[in-house]
Amino acid sequence: MEVFIVSGASRGLGAALVAQLLGPERRVIAISRKPNDALAQAARAAGAWLDWYLQDVADVTAHEDLARAICAELPRDASRYVLINNVGMLGPVGGAESLSAAGLGATLAVNATAPMVMTAQFLTATQTLEAERRIVHISSGLGRNPMAGSAAYCASKAALDMHARVVKTEQAQRANPARIVSLAPGVIDTDMQGELREKDPAALPTVQRFLDLKSRGELASAAVTAQYILAYVARPDFGTTEIDDIRNYPNG
Ligand SMILES: NC(=O)c1ccc[n+]([C@@H]2O[C@H](COP(=O)([O-])OP(=O)(O)OC[C@H]3O[C@@H](n4cnc5c(N)ncnc54)[C@H](OP(=O)(O)O)[C@@H]3O)[C@@H](O)[C@H]2O)c1
């Protein structure tokens, strides 16, 4: 039996991941602010184990409590434990001079602090287990390449990348090291892309690029991206390259 924890599970990439994980040999734990009734129904129909926690992870203290509670309740007899930190928000766009504490705080909380808090509880709760432990941060190419008008988002994803590097370095000293990858998922046809396309070019000068990707049909589907990510998570060499991009694996 495998255990998967997926944040940002109600829509987009997270929902596609959960949909493909539902099955008799898995326990799936999902987190988001809103429910996804179709996924809950699919789980019931398949007799699959799906626990859903509704929470705004921007409240990082409440999220830490929830993460601790979820991890304390994990079954102890799984062969593999996988945490997919998928939750993310675009946050404020506009020049760096326009960023407010509120906008920055929410974006860094959701995109960086919440995944790190969940990782801390996951590592703590599973450290004495002999099973495999794998962590995926869903990062972004924008954590590695700057885009004008998106400093909050870019900085939050760069933070995830460095967090993964530090965790890998620390775990290398441990008896049963958890493996971690900060993974850019490509450009996916989700609500987040829709939000990007609606931005004022004065705030986000590259908005036309996103409009063009959509009109040319060049966005990846969430379902295909999820399929590739789950194949990646199962790779024997998972964790060898801790900063990676799913587009490096074009055949899944
Ligand atoms: N789409 C892309 O092209 C793209 C490119 C690179 C990286 N990414 C990354 O891929 C991941 C998934 O993105 P997506 O495109 O699927 O985004 P999305 O369609 O906007 O979905 C975001 C998910 O996160 C949840 N969420 C957002 N804010 C939350 C909060 N404060 N508390 C709890 N849950 C919250 C949402 O659910 P609720 O609204 O129900 O809470 C939803 O399930 C993100 O980390 C994103 O940064 C996406």
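General observations
- Flag for Ala234 being modelled with pLDDT under 95, within 20 Å of Arg133 (Cα to Cα), exposed (fewer than 13 other Cβ atoms within 10 Å of the Cβ) and not basic (Lys, Arg): no
- Checked against (1) in a helix (DSSP H, G or I); (2) over 25 Å from Lys199 (Cβ atoms), Ala109 passes all but a single condition, namely (2).
- Pairs are defined by a Cβ separation below 6 Å, a sequence spacing of at least 6 or placement on different chains, a first member in region 25-38 that is modelled with pLDDT under 95, and a second member that is open to solvent by 30 Å² or more (accessible area, probe 1.4 Å); the pairs so defined are Glu25/Met1.
- Residues in region 180-201 that are more than 8 Å from the ligand (Cβ to nearest atom) and under 13 Å from the mean Cα position of the chain (by Cα) were compared, and the one that is nearest to Leu213 (Cα to Cα) is Leu183.
- Residue in region 61-76 that is at pLDDT 95 or above, within 16 Å of the ligand (Cβ to nearest atom) and touching a Lys or Arg at 6+ places or on another chain (Cβ under 8 Å) present: no
- Of everything listed in (1) touching an Asp or Glu at 6+ places or on another chain (Cβ under 6 Å); (2) near the ligand (Cβ under 8 Å from one of its atoms); (3) not charged (D, E, K, R), the single unmet condition for Ile29 is (2).
- Among helices (runs of 4 or more DSSP H) entirely within region 141-216, having at least 2 residues that are surrounded by fewer than 21 Cβ atoms within 10 Å (Cβ to Cβ), free of Cβ contacts under 8 Å to residues at least 40 places away in the same chain and among the hydroxyl-bearing types (Ser, Thr, Tyr) singles out no element at all.
- Selection within region 95-120 - away from the ligand (no atom under 16 Å from the Cβ) and closer than 27 Å to Pro75 by Cα: Ala120
- Matching residues in region 21-39 - criterion: being of a type in the set (Val, Ile, Thr) and closer than 15 Å to Pro115 by Cα: Ile29, Ile31
The values are calculated or read from the model by the stated rules, or taken from the named source; none is laboratory data. Values in this document were obtained by computation on a predicted structure and should not be read as measured data. Note: ideal-geometry Cβ built from the backbone for every residue, glycine included; neighbour counts use all protein chains shown. Accessible surface areas use protein heavy atoms only, side chains included; no ligands, DNA or RNA. Shrake-Rupley method; radii C 1.70, N 1.55, O 1.52, S 1.80 Å.
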